[in-house]
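Every number in this text was worked out from the coordinates using simple rules, so none of it is lab data. All figures in this text were calculated on a predicted structure; none of them were measured in a lab. Cβ placement follows ideal geometry from the backbone for every residue including glycine, while neighbour counts extend to all protein chains displayed.
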Amino acid sequence: MNKPASNTKITAVTGLALVIANMIGTGAFTSLGFQLEELYNPATILILWGLGGVIALSGAFSYSEIGSYIQRSGGEYAFLSKLFHPLIGYLSGWISITVGFAAPIALSAIAFVAYFPFFEPSPKWTSIVLIALVTAIHTRNLSVSSKFQNVSTLFKVGLIVLMIAIGLIMPSAFNNGAVYTGIDMTELLSPAFAVALIYVSYSYSGWNAAAYIIDEIKDPRKALPVALIGGTVIVTLLYTLLQFIFLKHAPLEALRGQLNVGTIVMQEIAGEKGRTYFGLAISLLLISGISAMVWIGSRVTSSIARDHQFWFFFKQKANELPTRALWFQFVISALMIITGTFDQILIYCGVLLTISSMVTVFGVFKIRLQHLNKSKNAYKSPLFPILQIIYIGLSLWMIFYAFLNKPVETLLGFSNLFLGLITYYMSKNIKIKSNNN
């Protein structure tokens, strides 16, 4: 039986913490190694991370406006169902259910094991057990989830600030002077840069976290922009400075292709003990990201279950936690850990999330052109339509080059949408039969 949830609404501060926790995960500490396999100028890497922040911020402004108009939990599912068509909303919700949260949860758990310094546990089974424990915490009540998230996020941000401070103060032992050289336009316009931007966009993907729990936010018209935009700005600054520290303190050859770039850098800065302590700290830090995604992802499933008979098993009563949806999400994450590899999951997930968020951002045009949101308190995205054009244009660029360079992973993503289409019509058929009876 589901435990009753507290009627207490979360504040803008908790929403901000949730966004930061959801954004800061595996990508900041793992994707640099993959980017350096085809990009060789450190200045290009820093531009890459800065551009990722611009994309995320463009999306955050857009989602704040849409969320001000459609005040319902479920993220893209709720937004697109109302703005365009239930099928489009359903497919975006399908993406969220199958990969949008389950995949990042799986990746964070894998990274936790990679960074854990004291012994070498079984990567797959340790990751699965960790996700199960975090899921169990979130089946208690909303107050427990909120407190756990705030404390773990504070720890996470404090650790990253400490790493950045140490990295800025300590001199570099390596000649990575290319960080300060001119921009390499050949790399910036290359397909490799576009593919690397997918890795970076995945790292920023949690910027829309608060949009999935609007029903649980107090005064969303004011709190949602604070959470989405404020969280994105803070994380963009932290991410860019963190990559600068990584590039400053370790030889590029040592980072290239490596998953645990954070511990490699800390070993260069503080020796073997520093590597051990920070490896432990980073592994604990990743738990906060897992917690945020476990919390949010289950709300998408329960939101879809309100409208589609195919998912009726996950429908929750008022003021109850989505316990069944939480454990269903756990099962999907566990299956991904058992069957997939880190980089395959990342590209596959990144392409689908980019498609879903791109279509949602396009919804701002409909809101503006049809004057849908006439409320005096409605939030309006600044610089319309410049931010929306930036987001959509760069998203299309990433998807195009992802298809050229990673066709298998991209095609798997589109096949996932086909499966979602099948379940949509199955759900409609169930509803028709139910009405006939």
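Annotations
- Helix-derived mean residue ellipticity, 222 nm - over the chain, DSSP H n ≥ 4, -39500 (n - 2.57), to 500: -24000 deg cm²/dmol
- The modelled label-to-label distance for the pair T11/F155, using points 7 Å beyond Cα in the direction of Cβ, is 2.2 nm.
- The label-point distance for Q370 and I137, in a model that sets each label 7 Å from Cα toward Cβ, rounds to 4.2 nm.
- Backbone amide hydrogens, once placed in the peptide plane, bring I10 within less than 5 Å of I217, K218, excluding anything fewer than 5 places away on its chain.
- For peptides 83-91, 222-230, sequence by mean Cβ density within 10 Å, most packed first: 222-230, 83-91
- Scoring 349-355, 329-335, 379-385 by mean Cβ neighbours within 10 Å over their residues and listing the highest first yields 349-355, 329-335, 379-385.
- Per-pair calculated FRET efficiency, R0 = 35 Å: A165 and I422 via Cβ, rounded to 0.05: 0.10
- The simple Förster model, with R0 at 41 Å and r as the Cβ-Cβ distance, assigns L237 and F312 a FRET efficiency of 0.40.
- Kyte-Doolittle at least 0.0, axis length at least 15 Å by Cα - qualifying DSSP helices, the chain: 12-23, 42-69, 102-115, 123-138, 142-169, 191-203, 231-249, 261-305, 323-339, 342-369, 386-405, 407-436
- Cβ-placed point charges (K, R +1; D, E -1), dipole of the chain about Cα centre in debye, nearest 20: 1880
- Using the Cβ-Cβ distance between L335 and N429 with R0 set to 22 Å, the FRET efficiency works out to roughly 0.25.
- Correct option for Rg and Dmax of the Cα atoms in Å [calculated from the coordinates] among (1) 22.1, 73; (2) 30.4, 109; (3) 20.9, 75: (3)
- Span from the region 189-225 Cα centroid across to the region 34-48 one, whole angstrom: 22
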